[in-house]
Each structure stands twice: as C-alpha cells, then as structure tokens.
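For reference, the structure is listed below as structure tokens.
The values are calculated or read from the model by the stated rules, or taken from the named source; none is laboratory data. These figures come from a predicted structure and were not determined experimentally. In this analysis, Cβ positions are derived from the backbone assuming ideal geometry, glycine residues included, and neighbour counts consider all displayed protein chains.
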Amino acid sequence: MSWDFPKPFTLPRIPVAEDIDGLNHVNNAAYIRWCEGVAWGHSESLGIAITDYQRIDRAMAIRRAEYDYLLPALEGESLTLATWLVACDGKLTMERRFQLIRDADGATLLRGCWHLVCIEVSSGRVRRMPPEFIETYIPAVVTLSAA
C-alpha cells in the first residue's frame with residue numbers, strides 16, 4: 001500500500017449496513033468513529049490507555065479535526081485505516097494523521113488530521129504533558145515524507 005508516512009499503525013475495516021447513509025456510501029460519522037478507534041488502538045499499542053489518562057488526570061484532547069473525503073467507500077469493501085503521530089512538542093500539543101485505503105485498488109479514500117492538546121481531565125483545562133506522555137509519544141513521532 002502507498003502510505004503517506006512510514007510505519008503506519010493500521011486496522012482493517014469493512015463497512016456494514018449501519019455505516020451506510022442515504023447516498024449508499026459510508027457516512028462521514030462512521031469515518032470519524034473509525035479514526036477514533038484506530039487512534040485509541042495506536043495509543044494502547046504504545047502503552048497508554050484510557051485508564052492511564054484517568055489515573056494521571058491528563059489526556060490528549062482534539063482541539064481541531066480535519067477530514068478530506070476523497071472517494072466513497074461502499075458496504076462490504078475491504079479497507080485499511082492507518083494512523084501516525086507526526087508532531088509532538090513535548091509540552092502541550094500533538095498532531096495525528098489518518099489515511100484510509102481501499103485494499104482492492106490501493107486508492108486513498110480519506111485523509112485526516114487531528115490537532116491535539118493536553119488537558120487535565122478533571123477540569124478540562126490545558127495543562128503540560130506529564131512525563132508518561134513525553135516518554136511514550138515523542139519516540140513514536142514519524143518523519144513527514146508526504147502531505
């Protein structure tokens with residue numbers, strides 16, 4: 001597959017009837033759910049789960065999300081969704097990218113980007129990243145090789 005960045009964390013996706021909208025293709029809300037799922041999967045694979053966010057009272061929250069819907073996905077198609085961390089300042093912010101590819105022809109159907117900020121879970125206020133985030137997320141950042 002032609003990934004935008006090296007070393008993707010990937011999850012397979014096959015759209016089901018509940019993902020399909022009135023235009024007979026995957027609804028944008030399904031794409032957003034899928035991105036959330038692959039992001040959590042990636043974070044957990046790195047060693048930070050929601051229970052860690054709760055324990056240390058810190059979380060990386062979405063400040064801004066951007067999605068480019070390039071081609072439609074249809075029910076039953078075999079897809080692969082990838083994610084990467086592409087920036088982490090080690091203080092407050094991080095950037096995560098997404099790419100969804102149709103397995104049959106390698107076409108990119110979606111690209112996405114989340115701009116994240118570290119918050120204190122209990123108050124919702126912006127706070128500095130704890131050492132656990134810095135030690136885990138910074139080494140996982142990939143070098144940008146495409147846009």
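The table for this structure:
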quantity	calculated
Pairs, first aromatic (F, W, Y) in the stretch 1-20, second part of a helix (DSSP H, G or I), C-beta under 8 Å, six or more apart	F9/V38; F9/G41; F9/H42; F9/S45
Residues of the stretch 80-100 satisfying the condition of being under 15 Å from the mean Cα position of the chain (by Cα) and either more than 13 Å from F5 (Cβ to Cβ) or modelled with pLDDT under 95 (or both)	T80, L81, C88, T93, M94, L100
Residue match in the stretch 25-32 (condition: in contact (Cβ under 8 Å) with a residue 60 or more places away in the chain, more than 23 Å from P130 (Cα to Cα) and β-branched (V, I, T))	no
Residues (closer than 16 Å to L71 by Cα, assigned to a helix (DSSP H, G or I) and under 17 Å from the mean Cα position of the chain (by Cα)) located in the stretch 1-33	N28, A29, A30, Y31, I32
Candidate set: the stretch 104-123, residues that are without any contact (Cβ under 8 Å) to a residue 60 or more places away in the chain and not in a strand (DSSP E or B); chosen: the one surrounded by the fewest Cβ atoms within 10 Å (Cβ to Cβ)	D105
Hits in the stretch 21-40 - residues which are in contact with a Leu (Cβ under 8 Å, 6 or more places away or on another chain) and closer than 20 Å to T108 by Cβ	H25, V26, Y31, W34, C35, G37, V38
Subset of the stretch 49-98 (residues that are among the acidic types (D, E), under 28 Å from P15 (Cα atoms) and assigned to a loop (DSSP other than H, G, I, E, B))	E75, E77
Count of the stretch 135-147 residues which are surrounded by fewer than 16 Cβ atoms within 10 Å (Cβ to Cβ) and either basic (K, R) or under 12 Å from T93 (Cα atoms) (or both)	1
The stretch 1-52, subset surrounded by fewer than 14 Cβ atoms within 10 Å (Cβ to Cβ) and among the small types (G, A, S), residue nearest to G112 (Cα to Cα)	A29
The stretch 53-103, residues that are exposed (fewer than 14 other Cβ atoms within 10 Å of the Cβ), basic (K, R) and in contact (Cβ under 8 Å) with a residue 40 or more places away in the chain	R64
Odd one out for M1, checked against (1) under 27 Å from M94 (Cβ atoms); (2) modelled with pLDDT of 95 or more; (3) touching a Gly at 6+ places or on another chain (Cβ under 8 Å)	(2)
